[in-house]
Amino acid sequence: MQLSALGVATPLAINLAAIGEAAAFDATDYKALVCVFLYGGNDYANTVVPYDAANYAKYHEIRAGVAGEDEAGIALARADLTATALTPLDGAVLTDGLQYALAPQLVGLKSLFDAGQLGIQLNVGPLIQPTTLAQYQSSDKVANPLPPKIFSHNDQTSIWQSDGSEGSTNGWGGRLGDIALASNSSNAQLTCISASSNAVFVAGRDALQYQISPGGAIRIKALDGPLRNAVNNIVTRSSTHVLESECTEVTRRSIDLEGSVNTALAGVTLTRAFPTGNRLARQMQVVARLIGANAALGVKRQVFFVSLGGFDTHNSLMSRHQRLLTWLDGAMSAFYAATVELGVANKVTTFTASDFGRTLSSNSDGSDHGWGSHHFVMGGAVKGGRFYGTAPHVSIETDDQVGQGRLLPTTAVDQFGATLAQWFGCEPSELPGILPNIGNFSNANVGFL
Amino acid sequence: MQAQFSVSDADITALTSTGWLAWLQARYDEPVGETGVAWLNSQGHNAITAEKRYRARKFGDYMIWNQLLAGPDQMRKRMALALSETFVVSLNSLEAIYPSYLIAAYWDVLTAHAFGNFRQLLEALTLNAGMGAFLNTRGNLREDSRGRQPDENFAREVMQLFTIGLYELNPDGTHKLDANSKPVETYTQEDVTNLARVFTGYEWDYLSNGGTSTPVTWERNAIPSTHLATNPMRFNSNNHSRVEVNFLGTKITITTPGADALHIALDRLFYHDNTGPFFARQMIQRLVTSNPTPEYVQRVATVFGNNGSGVRGDLKAVWTAILTDEEARAMPTAADTLFGKMREPIVRFAQWARTAEVASSNGEYVIDDLSAPETMLGQSPLQSPSVFNFFRPGYVPPNTAIATAGKVAPEFQIHNETSTAGYINFMQRVTRNGIRDVKPSYATLLPIAHDIPAVVDWLNLRLTANQLTSQTLGVVRAALRTFNINASSSSSEKHDMLATACFLILISPGYLVQK
């Protein structure tokens, strides 16, 4: 049965009775997952950058076309990376003795790494099963299946979020929301929330995406004026036409939830300042406030989605990427501090995701579509200050890339997601229903939580 | 309404007396109205002064709103808007110099070719300066010995989004399936990498057709004239790839001159079996219905392949095929609960504005980007967030009866709890006050404002083709009666009531879905 077909005024009891059977956890505490999606395909090589002399030299040679340590082409200057060079807390030695530095703009994330609240997942991307270069190149796609349209923006965005190409109707955040619906009592409709545009990540099989603006829920002003009866009658009128009916459902939800959401938000005091002029920070601020309102809203498990666009840096990579990473760093740092202020730092785990990584090779002042990429996991529960997964060689020739430094993922999105899902409260037996390829991988927990 | 933003009395008379084909022919015969670039010039936005209009994006917004809300040739513009949502260039990604002229010149390519041929359109937009900036053909350099590679952005998107799409299609737009019942991919990464070589060597042409460069005291560099935006990009063979191209089974040798290579590559895409059904389905979705039958797609795709006189890609024939198809012209029935499409916010606003007979008090059209969903339309022309448009042709709204039915509803990708409330608030404001210098006159309605049934009937016909239910019409009439308007009421009182009439219709689900 469609949740939406029930109408928002109808209690969720019918659905929840069925879902309750499947829900393995009986949440008494609060936990939230926050997906920070970097639309366009983040350039991994200028986000988590080779820093030790030998590997930096290879990076510079590939990205600048010449030897050296100065900024050139799309290579960052080595000296600019000194302040953000990372030393893993566990003393781990990475591939080829790699030492990484974060991009110079990521000073806040560097502090969180040092303090053990930020982990870095290396070379993660969509995979159906563990895949070698030979298997990638094999013409036998039945034995060696690959995710469809690996280098296409919209499809890889959809696959990252949902495990299916464009047109998928539920994502793994939403499917996690499905098993949490029963824990969220009367406000189950606030289980999966996007503070960005509509995203399949936060749509479940039953859980609906609720969309909120950075300023909170939007009140229809005419409902407070002399036209209120006419407006209410018109915009909530049922129709037998499916498209009209869906318009009505969305408007009804908007109206019905606006009051309780804004009232709950008004009760949250957050002194932590978020950076201004930063689209991502505005979204993360309202997410922090919603998390602060979890007790008032009576919710125990929530999945949030926020995003920042502009990462498709085919050109002007150096200037554009630096601006984007400044926003990312400011927003994520402020958000973490806000969760500390709210006393929920251990209960909120934030992670980045993106369409794909990019090439290591340059196209003169930018990079092209790739596959695997490095991503951040942040929160008080994260075993931070460490790297997870396998560091790729700095190379456009090794067998951990498929040409021009497009990384062949060594950790699957399903493994990355399963690690987050288990922290959230999902039992191993429930994982295949949420991350359908997880059974193809021997390790369903990467270990960062 | 499928063919334009709004309908006039003359349209209604012509359609009922001479029929669709004659009406369409008259539209095709209408000359192109004032271009976007000409309008910008008329407003002095090409002036090179310390005010730096050459860096401002907002004039691009004013330009497109002027184009959509004013001028007689609105079918051409409606088709160009549909094209702009497949062949996307976004003003918000244009930087540095003359963003408003770059977007206007791109828009002018769409209007110039909207009643022309797909192949010429494809070449014109490939070489357009704004497209060059948006998808990086501008300044695209050949491979070199130090590992540099051509930029693949345009090569990928011209295939994925502009011509053939991701999967092999049958003539009716459905996927061809392989022996394992899987869709067959149209191209590989190797095809993209190869095709990218064709699009190397292009750069903005600053000087042809009288382009100039003006030294100024307030900037380090001289300021070029707007020709960089209006001239097609120029080819510089020094920067063109020296490597043979093999894509989609077509070989382009290293000795092939750059212009010939471009023609061969674009021909390969134009003549690909996918291009007709791929384009036909999307244009049907933009104009008529989100879920056309395969037969409807095939009928239009067949016309794309041959207009009846042996010409492939005749866009006039394509529009006629889309708009006069039995599926488009059939009266909606109660049983067909999925026909039609959600009107996109841009079209709603433009339809209201033209129906309300808006006019600018000073000609400036100070209407900015209306993309903010919480306070405005949630969509603005030529302001797509990426090359993937505001919404995707395959978007399925999750957890809806639409999804259960296995159908798509592209426009729902930008519809949610925030945007629906934001739109309602926006229309309440705008129907009464307009935006800045652009105000509704309600000129035709003011004299009959005291006759509420007549007002509601007039609007119902022009905004919804008489598709509102009697219950909704009853609610609207009752709300309007509370204004107590009579023939001697002030025009300001009448204006308020007419704004309310429009507002209530424009927020009704029966209007939001074009059937």
- Note on the structure: The relative contact order of the stretch A:141-204, taking Cα pairs under 8 Å that sit 6 or more residues apart, comes to a percentage of 31
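Which of the helices in chain A, when you take each full DSSP H run, stretch at least 24 Å along the axis at their Cα atoms and have an average Kyte-Doolittle score of -0.5 or higher?
Those that pass (Cα extent of 24 Å or more, hydropathy at least -0.5) are A:242-266, A:317-341.
Taking the mean number of other Cβ atoms within 10 Å as a proxy for protection, how do you rank A:325-333, A:233-241, B:54-62, A:130-138 from highest to lowest?
So the order, starting with the most tightly packed, is A:325-333, B:54-62, A:233-241, A:130-138.
Do the sum for chain B: with -39,500 (n - 2.57) for every DSSP H run of n ≥ 4, divided by all residues, what is the mean residue ellipticity at 222 nm, to the nearest 500 deg cm²/dmol?
Taking each H run of at least 4 residues, the total per residue is -13000 deg cm²/dmol.
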- Take B:Asp144, B:Asp73 and order them by how many other Cβ atoms sit within 10 Å, fewest up front. B:Asp144, B:Asp73
- Geometric extent, Cα atoms of the protein assembly as shown - Rg, Dmax (angstrom): 27.9, 88
- Query: For B:Ala47 and A:Val142, what is the calculated FRET efficiency with R₀ set at 45 Å and r taken between the beta-carbons, to the nearest 0.05?
  - Reply: 0.10
- From other protein chains only, count the Cβ atoms within 10 Å of every residue's Cβ in B:333-344, then give the mean. 2
- Eligible aspartates and glutamates near A:Lys221 by straight Cα distance, threshold 18 Å, same-chain separation 8 or greater: A:Asp256, A:Glu258, B:Glu374, B:Glu417, B:Asp496
- Message: Treating only the Cβ of Lys, Arg, Asp and Glu as charged (+1, +1, -1, -1), what charge dipole size does the protein assembly as shown show about its Cα centre? Round to the nearest 20 debye.
- Response: 1660
- Which value, in debye to the nearest 20, describes the size of the charge dipole of the stretch A:3-440 about its Cα centre when Lys and Arg Cβ atoms bear +1, Asp and Glu Cβ atoms bear -1, and nothing else is charged? 1240
- With axes computed from alpha carbons, what is the tilt in degrees of helix B:9-18 against the longest principal axis of chain B, rounded to the nearest 10 within 0 to 90? 80
- Express the relative contact order of chain A as a whole percentage, based on alpha carbon pairs under 8 Å and six or more residues apart in sequence. 29
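For the stretch A:377-426, report the convex hull volume of the alpha-carbon atoms normalised per residue, in Å³, without decimals.
82
Note the full-extension length gain between B:Thr217 and B:Arg329 as 0.36 nm times their separation in residues minus their Cα-Cα distance, in nm to one decimal.
34.2 nm
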- Item | Rg to Rh, two decimals, where the stretch B:228-276 supplies the alpha carbon set and Rh follows Kirkwood | 1.04
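Over all directions, the average projected area of the alpha-carbon convex hull for the stretch A:160-298 comes to how many nm²?
Its Cα hull, projected and averaged over all orientations, spans 10.4 nm².
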- Measure off 7 Å from each Cα along the Cα-to-Cβ vector at A:Thr132 and B:Leu21, then give the distance between these two points in nanometres to one decimal. 6.6
- Rounded to whole Å, sorted largest first: equivalent-ellipsoid semi-axes of the stretch A:3-440, Cα gyration tensor: 39, 24, 21
- Item | Euclidean distance of C-alpha centroids, the stretch B:462-512 and the stretch B:1-60, integer Å | 28
- On a 0 to 90° scale, report how tilted helix B:99-113 is relative to the longest principal axis of chain B, with both axes built from alpha carbons and the result rounded to the nearest 10. 80
- Item | Average beta-carbon neighbours from other chains, 10 Å sphere, peptide B:463-476 | 2
- Item | Computed P(r) (all Cα pairs; the stretch B:135-265; 5 Å bins; percent) | 2, 10, 15, 17, 15, 12, 10, 8, 5, 3, 2, 1, 0, 0
- Task: Can you give me the three principal axis dimensions of the stretch B:55-115 from its C-alpha atoms, in Å, biggest first?
- Result: 32, 23, 15
- Cα-based Rg/(2.2 N^0.38 Å) for the stretch B:341-514, rounded to two decimals, is 1.10
- Please give the average number of partner chain Cβ atoms lying within 10 Å of the Cβ of each residue in A:223-234, rounded to a whole number. 5
- Query: Taking neighbour Cβ counts within 10 Å as the exposure measure, how do B:Leu81, A:Leu146 sort from fewest upward?
  - Reply: A:Leu146, B:Leu81
- Note on the structure: Residues whose modelled amide H sits under 5 Å from the amide H of A:Asn363, counting only those 5 or more places away in sequence or on another chain, are B:Gln149
- Using the structure shown, select from A:Lys300/A:Lys383; B:Lys316/B:Lys515; A:Lys300/B:Lys182; A:Lys58/A:Lys347; B:Lys52/B:Lys341; B:Lys176/B:Lys251 the pairs with a Cα to Cα distance greater than 30 angstrom. A:Lys300/B:Lys182; A:Lys58/A:Lys347; B:Lys52/B:Lys341
- Using only Cα atoms, find the angle between the long axis of helix B:58-69 and the longest principal axis of chain B, and express it within 0 to 90 degrees, rounded to the nearest 10. 60
- Ordered by fewest other Cβ atoms within 10 Å, a rough proxy for footprinting exposure, A:Asp178, B:Asp151, A:Asp90 read A:Asp90, A:Asp178, B:Asp151
- Within the stretch B:159-258, which GluC sites (Glu not before Pro) sit in a loop by DSSP and count at most 13 neighbouring Cβ atoms inside 10 Å? B:Glu244
- Assuming a viscosity of 1.306 mPa s and a temperature of 10 °C, what translational diffusion coefficient in µm² per second does Stokes-Einstein assign to chain B, Rh being the Kirkwood radius over Cα pairs? 65
- Could you sort A:37-44, A:375-382, B:490-497 so that the peptide with the highest average Cβ count within 10 Å comes first and the rest follow in order? A:37-44, A:375-382, B:490-497
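Values quoted throughout were computed directly from the atomic coordinates according to the rules given, and no laboratory measurement underlies them. Small disclaimer: the values here were computed from a predicted structure and weren't measured. Don't worry about glycine lacking a Cβ; one is built from the backbone with ideal geometry, like all the others, and counts go over all protein chains shown.
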